[in-house]
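Below is one structure, written out as structure tokens; comments come after it.
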Amino acid sequence: MANTTKSAKYVYQFGNRKADGNGSMKPLLGGKGANLAEMTRIGLPVPPGFTITTEVCTYYYDNKRTYPKALQPQVEAGIRQMEKIMGTKFGDAKAMPLLVAVRSGARDSMPGMMDTILNLGLNDQSVLALAKATKNDRFAWDCYRRFIQMYGDVVMGVQKAPHEDHEPFETVIGELKEERYHDHDLEDTRLSTEDLKELVGRFKKLIKQRTGKEFPNDPWDQLKGAVGAVFGSWMNDRAIVYRRKYGIPQEWGTAVNVQAMVFGNTGDNSGSGVAFTRDPATGEKVFYGEFLINAQGEDVVAGVRTPEPVQKLPSHLPAAYKELENIRKTLETHFKDMQDFEFTIQDGKVFMLQTRNGKRTGLAAVRIACEMVKEKVIDWKTAVNRVPAEQLEQVLAPIFDRTALKNTKVIAKGLPAGPGAATGQIYFNADRAVQAAEKKEKVLLVRIETSPEDLRGMIAAEGILTARGGVSSHAALVARQMGKVCVCGASALHIDYNKRTLEVGGQTFKEGDFLSINGTSGEVYAGEVRTAASEVVQVLIERSLKSKDSQTYQYYAQLMDWCVKATRLLVRTNADTPEQTANAVAFGASGIGLCRTEHMFFEGDRIDAMREMILAETTDSRKNALAKLLPYQREDFTGIFKALKGLPATIRFLDPPLHEFLPHDNAAQSQLAEKLNVSVEKVSKRVHDLHEFNPMLGHRGCRLGIAYPEISEMQARAIFEAAAEVQKEGLKAKPEIMIPLVGFPKELQLQLEIVHRVAEEVAKEKKTKFNYLVGTMIEIPRACVVADDIAKDAQFFSFGTNDLTQTTLGMSRDDSGSFLPAYQEAEIVKKNPFASIDQGGVGKLMQTAVELGRKTRPDIKLGICGEHGGDPESVKFCHTLGLTYVSCSPFRVPVARLAAAQAALKDEAVKTKK
Ligand code: PEP
Ligand code: MG
């Protein structure tokens, strides 16, 4: 609950090199507010203003959308202070008025997710004073129409209805352009003062029509409305979607920043821009950004006009460019990270409106981290923490196959806004893109200009393509952060929302047609283009590229080397073939954490022998089928041991939920009958007999080996014969045999006897010795609570968190997709518990099992092999539990390694603090 005493400080002022707050106060002042204070303190040119704290936001929602009493006088004092510094009066009707910008600012930046109001304080009188003071009628009326437009949209709610493709205010502008110039696409800068005055009138009429209310004339009323709208926007749909996606707690709330306006739209000596201290797409150390002459900041980020690259600024405003170059250096030295900043140039003078750590692609994150260490800006530990583990996946993302591209025509070129290669069916509206993605189509979201409302469509799409807008438009930033491939500002595209067509160079594409986009080069191609592996994959896996020829690989390798220095938790892999194993080893896996032996039988004829085994009615016929399976298994295990080069392999005994393996349709049943030389009726009857109502809780896991010990016997034999074969060649094999779905200690004991007996037999036959372990999966709640008993026999535990989640939550792994989205929507679960460990429930059971297991066997080896082993948050949780390793799919290994290193560094930092 927010502090609501009268003496509480709700407003923090900044201006004239002094600030009440500073950069470390993000929880209270939000990211924007804290950094405005910090920039003011270090002497950067920041227009004065104040920040209303996030505590007020909490109060607002706790108290039926009202404010603490002490707020109003503090706001008034804030305005007075701004008036003093600027030498102007708020909403003055006689002389140059003080106008303000009102912006949101959460603790973590949420680009474009919340609302902003500029030029507040203008009304029918002060607009005349502004015109007089600036001797610029056009400018004053342009500010006024922009203000009404933003205020009408954000505060009064005049917005696009679901059936409309354009904002209502933009529609009014378009109509006026059409009427007066017969050119719907006329640039806004070409509208005359008269046009702007006309727009002000029409906008007010539109507001009255849609809301029944007059536009407020009093600046203080305007300010109250704007502050309320910013706090209100914390709960708008796109802010909620964004928070859910990035796990930002609702309780944080947003701050509100009120800042004196400076103007980038006073003429050709003015402008606005957004820039990065390094290239956010590639990480290269270059001044990167874009600007628009004679425009306000919103024009740059909204993507309505396509801006120019910042490198062109010297030819317009050389002094301002030089100052910005200096600011760029100051920012990096002070904040010690790549910054993303907004600036405005008013009549040649530069003002800083915001700075924050810049969002970047995975590729850029790795490069910037490595280069900043080289430049001695940060140390290697900071570098490891700078790359979000999830983002590392982008470095391994596919690119277009070069040979396939040769036969493909570039149909348009836009700005490269999010790297990678994407191919998909085009959709012109976010909702339809979502629907298509739900039908498992690969989707490209194609829009004239992207806007934050498109978020759901962007999440669903493989890639995003726009005809207008720059690389720093809000939506482009968000696309990059999500790792979505994005090309924007491809101006050759003519998109018709009504006809649902895209026309370019004489070719017309309909909704549902395929296009491909290259978010690294900005190119757009017709049709589907084959994608190829990333450079890291080409070096490590395909070996088609030399490491010295790939800078990307070198940065990746540097980062992974640092991870090795930091990590305590090992990363193994879930692999069922020698090829998958080799890939994972190349990515740095320290062994196999799960080899699902039943997966070895999906291929070719193997499935028939597997089915024959499952359908067998007598021990003899089962043994017969098993004899066919043995050589396959032995061969696979040999390959896997070789690929592991002496690293351990956790091999799990068969765990086939029967429904996955039985032939269900008539054709498959008769095919099998023919192969087995039995009647279809017989096969079909047996399938019928074996039918289970709950196959996931049925005859699977160790239950199979208990009912039919000959199955376990065959598997143990295959494993040890393969080990003997490999050892004969002078290589090492370290099998760790794992029994699935154990709940009772006796289940494990029975299987254990078989393993040890067969090991002894094979050792004798082959005149060799084996270095092996036998352990169990911990994947049902009973196993967790009797783990002390189970540990008497198990040399290791591996948490099967897929089944453990299924059985703990009583939610079917296979069916949860139908209701989990509703659960996430209602925030019953923050994340999908099958993707990220439910730490409060499943996690507690894991902890119990760890503690009990260690009580019996202090040095017990502990791992996890459910899908959660590749989820950074779950990896960090496993580190906290003190597990020995996590195991995940081969391509997730680098992600898990990075997450494990970060967890270790966090631990170290906490211990050092103590
Ligand atoms: C598990 O249950 O987490 C597991 C790894 O086994 P499977 O997914 O094969 O059931
Ligand atoms: Mg399982």
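The values are calculated or read from the model by the stated rules, or taken from the named source; none is laboratory data. It should be emphasised that the depicted structure is a prediction, and the values quoted were computed from it without experimental measurement. Backbone-built Cβ (ideal geometry, glycine too); neighbour counts: all protein chains shown.
Within segment 643-691, if we keep just the residues that are within 16 Å of ligand 2 (Cβ to nearest atom) and among the charged types (D, E, K, R), the residue that is farthest from SER798 (Cα to Cα) turns out to be GLU660.
Here are some residues: ALA383, ALA365, ALA320, ALA369. Which one is small (Gly, Ala, Ser) and either modelled with pLDDT under 95 or within 29 Å of PHE50 (Cα to Cα) (or both)? Just one listed residue meets the conditions, ALA320.
Based on what the data block shows, is ALA70 without any contact (Cβ under 8 Å) to a residue 60 or more places away in the chain and of a type in the set (A, V, I, L, M, F, W, C)? The answer is no for ALA70. Within segment 719-746, being of a type outside the set (Gly, Ala, Ser) and within 16 Å of ligand 1 (Cβ to nearest atom) holds for GLU736, ILE737, MET738, ILE739, PRO740, LEU741, VAL742. Against the conditions (1) closer than 30 Å to ALA133 by Cβ; (2) in contact with a strand residue (DSSP E or B) (Cβ under 6 Å, 6 or more places away or on another chain); (3) modelled with pLDDT under 95, ASP115 satisfies every one except (2). I'd like to know if segment 739-751 contains one or more residues that are at positive phi, more than 16 Å from ligand 2 (Cβ to nearest atom), out of contact with any Lys or Arg (no Cβ under 9 Å at 6 or more places or on another chain) and free of Cβ contacts under 8 Å to residues at least 12 places away in the same chain. Scanning segment 739-751 turns up no residue that is at positive phi, more than 16 Å from ligand 2 (Cβ to nearest atom), out of contact with any Lys or Arg (no Cβ under 9 Å at 6 or more places or on another chain) and free of Cβ contacts under 8 Å to residues at least 12 places away in the same chain. Somewhere in segment 701-717, is a residue among the small types (Gly, Ala, Ser), in contact with a Leu (Cβ under 9 Å, 6 or more places away or on another chain), under 28 Å from GLY863 (Cα atoms) and within 16 Å of ligand 2 (Cβ to nearest atom)? Looking for residues that are among the small types (Gly, Ala, Ser), in contact with a Leu (Cβ under 9 Å, 6 or more places away or on another chain), under 28 Å from GLY863 (Cα atoms) and within 16 Å of ligand 2 (Cβ to nearest atom), one finds at least one in segment 701-717, hence yes.
Can you pull out the helices (runs of 4 or more DSSP H) entirely within segment 119-201 that have at least 2 residues that are touching a Leu at 6+ places or on another chain (Cβ under 7 Å) and among the hydrophobic types (A, V, I, L, M, F, W, C)?
Here the list reads 137-154, 168-181.
Conditions tested, residue by residue: (1) within 16 Å of ligand 2 (Cβ to nearest atom); (2) buried (at least 17 other Cβ atoms within 10 Å of the Cβ).
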| residue | (1), (2) |
| --- | --- |
| ALA835 | yes, no |
| ARG854 | no, yes |
| LEU883 | no, yes |
| LEU905 | no, yes |
| ALA909 | no, no |
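Scanning segment 541-590 for residues that are among the β-branched types (Val, Ile, Thr) and either closer than 18 Å to CYS878 by Cβ or over 24 Å from the mean Cα position of the chain (by Cα) (or both), we see that the one that is surrounded by the fewest Cβ atoms within 10 Å (Cβ to Cβ) is VAL564. If the condition is being in a loop (DSSP other than H, G, I, E, B) and within 16 Å of ligand 2 (Cβ to nearest atom), then segment 576-609 contributes only ASP576. Among all residues of segment 371-380, there is at least one that is among the basic types (Lys, Arg), more than 13 Å from PRO45 (Cα to Cα) and without any contact (Cβ under 8 Å) to a residue 24 or more places away in the chain.
Which numbered condition trips up SER816, out of (1) within 16 Å of ligand 2 (Cβ to nearest atom); (2) closer than 23 Å to ALA586 by Cβ? Failed condition: (2). Picking from residues in segment 797-826 that are of a type in the set (Asp, Glu) and within 12 Å of ligand 1 (Cβ to nearest atom), the one that is farthest from LEU845 (Cα to Cα) is ASP814. Listed by position, the strands (runs of 3 or more DSSP E) inside segment 348-449 whose residues that are surrounded by fewer than 17 Cβ atoms within 10 Å (Cβ to Cβ) number at least 1 are 349-357, 410-413. So, in segment 856-873, how many residues would count as being under 18 Å from LEU898 (Cβ atoms), within 16 Å of ligand 2 (Cβ to nearest atom) and at pLDDT 95 or above? Going through segment 856-873 one residue at a time, the tally reaches 1. Only one of the numbered conditions (1) touching a helix residue (DSSP H, G or I) at 6+ places or on another chain (Cβ under 9 Å); (2) at pLDDT 95 or above; (3) on the phi < 0 side of the Ramachandran plot; (4) not aromatic (Phe, Trp, Tyr) is violated by ARG107, and that is (2). Within segment 836-890, being small (Gly, Ala, Ser) and within 16 Å of ligand 1 (Cβ to nearest atom) holds for SER836, GLY841, GLY843, ALA849, GLY863, GLY866, GLY869, GLY870, SER874, SER887, SER889. Any residue at all in segment 151-169 that's touching a residue at least 60 places away in the same chain (Cβ under 8 Å) and more than 40 Å from the chain's Cα centre (by Cα)? Checked segment 151-169: no residue is touching a residue at least 60 places away in the same chain (Cβ under 8 Å) and more than 40 Å from the chain's Cα centre (by Cα). Of the residues contained in segment 534-545, one or more are found to be farther than 16 Å from VAL395 by Cα and either among the small types (Gly, Ala, Ser) or modelled with pLDDT of 95 or more (or both). Scanning segment 599-645 for residues being buried (at least 19 other Cβ atoms within 10 Å of the Cβ) and of a type in the set (Asp, Glu) gives a total of 2.
The number of residues in segment 23-37 being crowded, with 17+ Cβ neighbours inside 10 Å and over 15 Å from LEU353 (Cβ atoms) comes to 5. Taken over segment 795-813, the criterion of being within 16 Å of ligand 2 (Cβ to nearest atom), touching a residue at least 60 places away in the same chain (Cβ under 8 Å) and not hydroxyl-bearing (Ser, Thr, Tyr) is satisfied by PHE796, PHE797, PHE799, GLY800, ASN802, ASP803, LEU804, GLN806, ARG813. Within segment 648-672, track down each residue that is surrounded by fewer than 21 Cβ atoms within 10 Å (Cβ to Cβ) and part of a loop (DSSP other than H, G, I, E, B). Of everything in segment 648-672, those that are surrounded by fewer than 21 Cβ atoms within 10 Å (Cβ to Cβ) and part of a loop (DSSP other than H, G, I, E, B) turn out to be PRO657, PHE661, PRO663, HIS664, ASP665. Considering only residues in segment 241-266 that are modelled with pLDDT under 85 and more than 22 Å from the chain's Cα centre (by Cα), the one that is surrounded by the most Cβ atoms within 10 Å (Cβ to Cβ) turns out to be ASN265. Every residue in segment 322-340 that is in a helix (DSSP H, G or I), within 30 Å of the chain's Cα centre (by Cα) and within 16 Å of VAL274 (Cα to Cα), please. Of everything in segment 322-340, those that are in a helix (DSSP H, G or I), within 30 Å of the chain's Cα centre (by Cα) and within 16 Å of VAL274 (Cα to Cα) turn out to be ARG328, LYS329, LEU331, GLU332. Applying the criterion of being more than 34 Å from the chain's Cα centre (by Cα) and within 16 Å of ligand 1 (Cβ to nearest atom) to the residues of segment 777-786, the residue that is nearest to LYS855 (Cα to Cα) is ALA783.
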